[in-house]
Amino acid sequence: MRSDGAYTHHRLPIDVSPVALERALWVLVALSLVGDVVTTFVGLHLGLAESNPIARTAIDGYGLLGMLGLKAFAVGVGLACRPVLPLAYRPIIPAGLAAPWTIAVVLNVYTISTVV
């Protein structure tokens, strides 16, 4: 395949800088982290079980501190890798953290709603 130099650049529908996007995604990380921890412990209090074996082991062994330790480790890895990326690609780190935690919050809320 050959390129003649014509590239399509995809842009967001709004004009946002990578720094502003990254900042907004870090806010989403914080919100989804808190949401995941809260909904997980509400579910456990209602008799549900943690499906992630690593999180289950951390919670069984250390409770809330175990769960917060896992989250802190994940955020720490993201922050450690952040300087390696060019500025334009740095928002991928908080997006990669926020996406599964946001999905977990939605699933936790749904599961809790089925037992309440």
| query | Which value in nm describes the separation of the simple spin-label points at ILE103 and ALA24, placed 7 Å from the Cα toward the beta carbon? | reply | 2.2 nm
| query | Where in the chain are the DSSP H helices whose C-alpha atoms run 20 Å or more along the long axis and whose mean Kyte hydropathy is at least 0.5? | reply | 18-45, 64-81, 92-115
| remark: In deg cm²/dmol, rounded to the nearest 500, the helical mean residue ellipticity at 222 nm of the chain, built from -39500 (n - 2.57) for every DSSP H run of length 4 or more, is -23500 deg cm²/dmol
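What shape does segment 57-104 take by its C-alpha gyration tensor, where a ≥ b ≥ c are the square roots of the eigenvalues and a/c under 1.5 counts as rounded, a/b above b/c as prolate, and the rest as oblate? Could you put the intermediate results ahead of the total?
On the way: a/c = 5.03, a/b = 2.06, b/c = 2.44.
It is oblate, given that a/c is not under 1.5 and a/b is not larger than b/c.
Taking the Cα centre as origin and putting +1 on Lys and Arg beta-carbons and -1 on Asp and Glu beta-carbons, what dipole magnitude results for the chain, to the nearest 20 debye?
Dipole about the Cα centre, nearest 20: 220 debye.
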| said: For a protection proxy built on the mean count of beta-carbon atoms within 10 angstrom, sort 63-75, 21-33, 42-54 highest first, please. | reply: 21-33, 63-75, 42-54
| said: Quick check: pseudo-label points 7 Å beyond the Cα along Cα→Cβ at ASP15 and THR114, how many nm apart are they? | reply: 4.7 nm
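Residues of the chain: accessible area per residue at 1.4 Å, in Å²?
Value for the chain: 71 Å² per residue.
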| note | Once the dipole of the chain is set up from charges on Cβ (+1 Lys and Arg, -1 Asp and Glu), the residue from the list GLY47, LEU68, LEU79 lying farthest towards its positive end is LEU79
| query | Points 7 angstrom from Cα along the Cβ direction at ALA88 and ALA72: gap in nanometres? | reply | 3.7 nm
| note | Heavy-atom accessible area of the chain with neighbours in place, 1.4 angstrom probe: carbon+sulfur share in percent works out to 69 percent
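I need the shape label for segment 34-116. Rule: rounded when a/c is under 1.5, else prolate if a/b > b/c, else oblate, with a, b, c from the alpha carbon gyration tensor. It would help to have the intermediate numbers written out before the result.
Working: a/c = 3.60, a/b = 1.79, b/c = 2.01.
Oblate shape, in that a/c is at least 1.5 and b/c is the bigger or equal ratio.
The values are calculated or read from the model by the stated rules, or taken from the named source; none is laboratory data. Because the structure is a prediction, the values reported are computed rather than measured. Cβ atoms come from the backbone with ideal geometry, glycine included; neighbour counts cover every protein chain shown. What goes into the accessible areas is simple: the full protein's heavy atoms, side chains included, and nothing from ligands, DNA or RNA. Shrake-Rupley method; radii C 1.70, N 1.55, O 1.52, S 1.80 Å.
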